[in-house]
């Protein structure tokens with residue numbers, strides 16, 4: 001019975017190694033042939049532009065026990081950190097630290113070297129597979145382990161170079177407890193996230209540099225009045241903002257009581273349209289000149305008396321009192337006036 005169990009576990013280990021090797025070899029060949037990468041730049045001489053970091057979080061369970069006295073529950077939690085450097089497009093070298101939090105006080109920490117390949121890279125995201133193998137530490141011994149993961153990550157348009165998505169991972173640790181000869185096998189599922197420095201650097205600096213490739217997932221907010229202000233912010237959803245938007249009410253035009261095209265806040269005559277003769281000095285007001293001196297009554301200090309313009313607002317449009325009109329000369333005397341006039345008497349007694 002014990003031999004059968006060991007035989008089955010040995011077969012599971014062999015199968016896992018075979019799958020890992022097949023994935024690595026297949027990825028090396030498939031990456032350049034099936035890649036549809038439209039966002040990743042070609043490998044650069046600067047290794048930082050070919051680098052990426054990642055974080056995985058998930059949960060899973062044990063397929064076989066990792067020690068002679070396992071806990072009552074087979075549930076585990078998984079955390080993983082990784083760094084990659086692109087060797088060629090779709091294929092990268094991998095350094096990984098994978099921690100399997102096993103049932104009870106036990107754990108399995110893998111220090112792995114391996115590879116990550118991305119056979120499909122598209123504007124919406126990527127499909128990946130990875131392999132890591134190396135020394136591992138458990139609560140009972142040092143051993144050798146490896147794990148294989150596959151998953152899909154979706155790009156976040158608001159964060160260039162960042163992608164996130166689901167993954168599945170299979171791990172095998174060879175003889176993690178010296179008290180037994182069993183291998184510890186586990187699986188986990190969760191979320192995988194990656195930040196690629198080269199993809200982030202190759203993103204456009206502004207929307208005018210080149211069209212932004214958006215994800216298939218997006219939210220569309222309607223604009224009922226088609227004034228460029230979305231309904232979620234438009235306080236006048238059915239009224240376009242017009243040429244004079246209200247600075248205090250997004251999406252609303254300023255009030256224009258007299259409909260003369262001058263908003264009330266700038267109109268000195270908000271209820272009186274300018275008509276056919278607008279006042280050139282006061283936008284939105286009609287030109288009214290009662291005394292016809294070409295000075296608007298609004299600026300005329302004497303609106304009922306014609307006068308010249310003056311820089312003094314108190315005298316503007318008022319008649320000039322310093323220059324009065326000359327009195328008309330008296331009329332010439334008539335004949336009757338001459339007869340009625342007294343004659344002068346000279347000293348000698350004769351009159352003229």
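Computed from the coordinates by the stated procedures, all read-outs in this text should not be read as laboratory data. As the structure is a prediction and not an experimental result, all values here were calculated from the model. We place every Cβ from the backbone using ideal geometry, glycine too, and count neighbours over all the protein chains shown.
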Which residues among the range 139-183 fall inside the zone where the amide N is under 16 Å from a point 7 Å beyond the Cα of residue 191, along Cα→Cβ?
152-159, 162-168
Treat each spin label as a single point 7 Å out from the Cα along the C-beta direction, and report the residue 85 to residue 158 distance in nm.
3.4
Run the numbers for residue 47 and residue 101: contour at 0.36 nm per residue of separation, minus the present Cα-Cα distance, in nm.
16.1 nm
Using only Cα atoms, locate the centre of the range 76-153 and the centre of the range 234-301, then give the distance between them in Å, rounded to an integer.
71
Test of understanding: what is the full-extension gain from residue 178 to residue 321, defined as 0.36 nm times their sequence separation minus their Cα-Cα distance?
39.2 nm
Least to most buried among 187, 142, 101 (fewest other Cβ within 10 Å first)
142, 101, 187
With label points set 7 Å from each Cα along the Cα-to-Cβ direction at residue 281 and residue 297, the distance between them in nm comes to 1.5
R0 = 45 Å: FRET efficiency of residue 57 with residue 258, Cβ-based, nearest 0.05?
0.10
Length added when fully stretched, residue 142-residue 226, from 0.36 nm per residue minus Cα-Cα
23.5 nm
Along the principal axes of its C-alpha atoms, what lengths does the range 54-107 span, in descending order and rounded to whole Å?
46, 18, 16
